[in-house]
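J.: Take a look at the following structure, please.
The values are calculated or read from the model by the stated rules, or taken from the named source; none is laboratory data. This is a predicted model, so every value here is computed, not measured. Here the Cβ positions follow ideal geometry from the backbone for every residue, glycine too, while neighbour counts run over all protein chains shown. Please note that ligands, DNA and RNA were not included when accessible areas were found on the heavy atoms of the full protein model with its side chains. Shrake-Rupley method; radii C 1.70, N 1.55, O 1.52, S 1.80 Å.
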Amino acid sequence: MSQESTSTPEPDVVVVGGGLVGGAMAFGLARAGARVCVLDEGDVAFRASRSNFALVWVQSKGMGMPEYAAWSKRSADGWRDLARILQEETGVDVAHSQPGGFTLCLSEAELQQRVDGMTRLHNQINMVEYGYEVLDHAETKRRLPDIGKDVAGSIFSPVDGHVNSLRLFRALHEAMQRRGVDYRPGRPVDRITPEASGFRVFGPWGEIQAPRIVLAAGLDNARLAPMVGLHAPVKPSKGQVIVTEKTAPFLHHPMVTVRQTDEGGVMIGDSQEDLGFDTVVTQPIVSLMAERAVRMFPRLAGLNVVRTWSALRVMSPDGFPIYEQSTAHPGAFVTTCHSGVTLAANHVLTLAPAILAGALPEAVSPFTARRFHVPAHA
Ligand SMILES: Cc1cc2nc3c(=O)[nH]c(=O)nc-3n(C[C@H](O)[C@H](O)[C@H](O)COP(=O)(O)OP(=O)(O)OC[C@H]3O[C@@H](n4cnc5c(N)ncnc54)[C@H](O)[C@@H]3O)c2cc1C
């Protein structure tokens, strides 16, 4: 096996995967002073990062794990800094805006279900505090004049926002490369072996060594993690998205299923289906999404759809992130989550510097995969 040819010295850290999570980790590590090499299979792989809904979303997150609500809120709070840093370092405006988000409900029963869910969420011990309001039809219409008569009411929270996700992806890549990250596309990692001095990483392209390794390979983390004594039982969860032609700005807040992008198109999403590695767009799901969106905003019926797509979320068994350092092979970390846009600020500003320092922060201690190791009862 040949050594991967390189003009740069051995990196301090190899990051496997150059999606939103790997990009954020690599940029954060380089910003903190590390020499970083990113090995990325590239667009041929399943890549949630180029097909998501672009929300920076906090409301409704963390049922069953309030630490996740706190982690999401912390990232939402850090997003203004991240957007500013990316703009300063790359000149790319990621169109971050955090005007607060709505969850629109199309019946009284749906609204009541949401209200009950929010009450249970916020009644949890150690739940992070943030405001939210339950609005009836009239108050929702006062704030969102274009809603249809079928909207029974909504939940509004001031913490939610959105970005231009493709520009975020580009900005992270540009930022990491300007910081000297050695980004290598077309380098799938087949195998990793722990050694006394670190980790040896192999692929059809050759091999490379580093004292630290960060697994950020999305769905492939499930295969790679056991090679370094970690466990990342992530599975695909399919989401379908519709985008319309551009139209004059009318929607100044993101919703969990409808948002107008900074460029004018309206995105409608995003379903959740557990169908393995299937990425086919299916008409019944897309029709249902469109029908609900038109009931929310009747003016959408007059817009042409320009594209539909589906993509795979990177989902752990309980839906929460997995962040862990290997105890068998210290220096190996796994980082995976299904909200890589929302959590990008934490990944760049908190997690990456902590990994360089050698230990994960206390705030992420609940997110180890040890929570899945429940002993079987007799
Ligand atoms: C429909 C949909 C809607 C979403 N909406 C939102 C949202 O509104 N807000 C939000 O915060 N998040 C959202 N997400 C989730 C977000 O897109 C993901 O959290 C994020 O993209 C995950 O990034 P990742 O880098 O972990 O994985 P990926 O984007 O899948 O990237 C993995 C990377 O690893 C590389 N790779 C894989 N295997 C290997 C290997 N063996 N060797 C080398 N490289 C490898 C791939 O080439 C790829 O570049 C959504 C996702 C979907 C699918």
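J.: Students often get this wrong, so check it: of LYS141/LYS238; LYS73/LYS235; LYS141/LYS235; LYS61/LYS141; LYS149/LYS238, which have C-alpha atoms separated by over 28 Å?
T.: Beyond 28 Å between Cα atoms: LYS141/LYS238; LYS141/LYS235; LYS149/LYS238.
J.: Where a ≥ b ≥ c are the square roots of the eigenvalues of the C-alpha gyration tensor, would you call the range 101-158 rounded, which needs a/c under 1.5, or, failing that, prolate if a/b is larger than b/c, or oblate?
T.: In terms of gyration-tensor shape, oblate.
J.: Right, another one. Any chance you could run the full-extension gain for PHE250 through ALA196? It's 0.36 nm times the residue separation minus the Cα-Cα distance, nm to one decimal.
T.: 13.6 nm
J.: Right, another one. How far, in nm, would the chain grow between GLN113 and ARG35 when pulled straight, counting 0.36 nm per residue and subtracting the alpha carbon separation?
T.: Residue separation times 0.36 nm, minus the Cα-Cα distance, leaves 23.2 nm.
J.: For the range 100-259, take the convex hull of the Cα atoms, compute a quarter of its surface area, and give me that in nm², please.
T.: 14.7 nm²
J.: Let me ask something else. May I ask for the equivalent-ellipsoid semi-axes of the chain, computed as the square root of five times each C-alpha gyration tensor eigenvalue and listed largest first in whole Å?
T.: Ellipsoid semi-axes (Å, largest first): 37, 22, 19.
J.: Mind putting together the pair-distance distribution for the range 36-173? All Cα pairs, 10 Å bins, whole percent per bin, short to long.
T.: 11, 31, 32, 20, 5, 0
J.: Ignoring ligands, DNA and RNA, what percent of the accessible area of the range 101-158 is carbon or sulfur (1.4 Å)?
T.: 49 percent
J.: What number comes out for accessible area per residue over the chain if the probe is 1.4 Å? Units Å², please.
T.: Averaged over the residues of the chain, the accessible area is 42 Å².
J.: Another question about this same structure. Taking only the C-alpha atoms, wrap a convex hull around the range 60-107 and report its volume per residue in Å³ as a whole number.
T.: Hull volume normalised by residue count: 93 Å³.
J.: Return the ratio Rg/(2.2 N^0.38 Å) for the range 207-353, where Rg is computed over Cα atoms only.
T.: Rounded to two decimals, the normalised Rg is 1.29.
J.: Let me ask another. Give the range of the longest stretch in the chain that excludes all trypsin sites (Lys or Arg not before Pro) found in loop regions by DSSP and having at most 16 other beta-carbon atoms within 10 Å.
T.: Excluding the exposed sites themselves, the longest stretch runs over 247-378.
J.: How long are the semi-axes of the equivalent ellipsoid of the range 235-315, taking √(5λ) for every eigenvalue λ of the Cα gyration tensor, in whole Å from largest down?
T.: Rounded to whole Å, the semi-axes are 23, 13, 11.
J.: Using a simple charge model, +1 on the beta-carbon of Lys and Arg, -1 on the beta-carbon of Asp and Glu, nothing else, what dipole does the range 273-378 show about its Cα centre, in debye to the nearest 20?
T.: 340 debye
J.: For the range 164-173, just list the computed ³J(HN,Hα) in residue order, Karplus coefficients 6.51, -1.76 and 1.60, θ = phi - 60°, integers in Hz, with x standing in for Gly and Pro.
T.: For the range 164-173, the Karplus curve yields 9, 5, 5, 6, 4, 4, 5, 5, 5, 5 Hz.
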